[in-house]
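Step one of this worksheet: look at the structure below.
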Amino acid sequence: MKIIKVQDQVEGGQVGARVFQDALQTNAKVFGLATGSTPISIYDAITKSDMDFSDKISINLDEYKGLSGDHEQSYRYFMQQHLFNEKPFKESYVPDGLNPDGIAESERYDAILDQFPRDLQILGLGQNGHIGFNEPGTSFESTTHEVDLTASTIEANARFFDDQNDVPRQAYSMGIKSIMSAKQILMVAYGANKAQAVQAMIEGPVTENVPASILQKHDNVVVILDEAAASNLN
Ligand code: F6R
């Protein structure tokens, strides 16, 4: 893993956007994207750049089950607001939150992942070490699947909703095996509340109890951390 420490999220955004730029220069075609607060400064830096994704493919990590793509808290809507309106891709895939059939939706998404191998996958980190919506205990062999969100993830995500009761209880997520099949991974974490998960991800044992620890087994990972997120590292 290549670890890059940054002063703040603005610098993290610039460094992260450079990873996208480098990927474009090496002819990357397929970009795996994430939502949440962490990638926002990277998407900001990209929208202010002259990077062009109009002949590229994007594939998002996850989506809440039960929300339509135009619901303000859906991940499709988030991507429109933070990136796609300014930097459209040729095709952008996000799991279909309105598909009630978890098996059919997972198979459909896996077929997309097979068709478009990702050159770069961006990831944020859950306080419990999750990646995508792959909570602790998820199999490292998992592909796209329907997930019951844990209480801690529902609580962490409640900040985006008017009421914690509005947070969907389920989601569709790429699996850990799907995430690991990207050629390059860009993991980003900021803040003291991520410090413990960062330490477990980088220095702890590789265990399904800390989904992000699997990244130790990937041979092309860039990790961007601010001081607070890096503060538990030895
Ligand atoms: C988002 C995602 C999640 C987040 C993680 C961190 O698509 O898959 O795993 O990356 O929960 O969220 P933030 O960035 O809001 O701290």
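Derivation of every value follows stated rules applied to the coordinates shown; laboratory data play no part. From a predicted model like this one, the values you see are computed outputs, not experimental measurements. Cβ placement follows ideal geometry from the backbone for every residue including glycine, while neighbour counts extend to all protein chains displayed.
Miscellaneous remarks
- 222 nm mean residue ellipticity, helices alone, for the chain (DSSP H n ≥ 4; -39,500 (n - 2.57); rounded to 500): -8000 deg cm²/dmol
- Mean separation of Cα contacts under 8 Å, 6 or more apart, over the residue count of the stretch 2-178: relative contact order %: 24
- Packing here is the average count of other Cβ atoms within 10 Å per residue, and on that basis the peptides 181-191, 133-143, highest first, run 181-191, 133-143.
- Peptides 170-180, 193-203 ranked from most to least packed by the mean count of surrounding Cβ atoms within 10 Å: 170-180, 193-203.
- Cα gyration tensor shape of the chain, rounded if a/c is under 1.5, else prolate or oblate by comparing a/b with b/c: rounded
- Cα-centred dipole magnitude for the chain, charges only on beta-carbon of K, R (+1) and D, E (-1), debye, nearest 20: 660
- Contour minus Cα-Cα distance for ILE103 and PHE161 (0.36 nm per residue): 18.1 nm
- Shape class of the stretch 156-197 from the alpha-carbon gyration tensor: oblate, with a/c at 1.5 or above and b/c at least as large as a/b.
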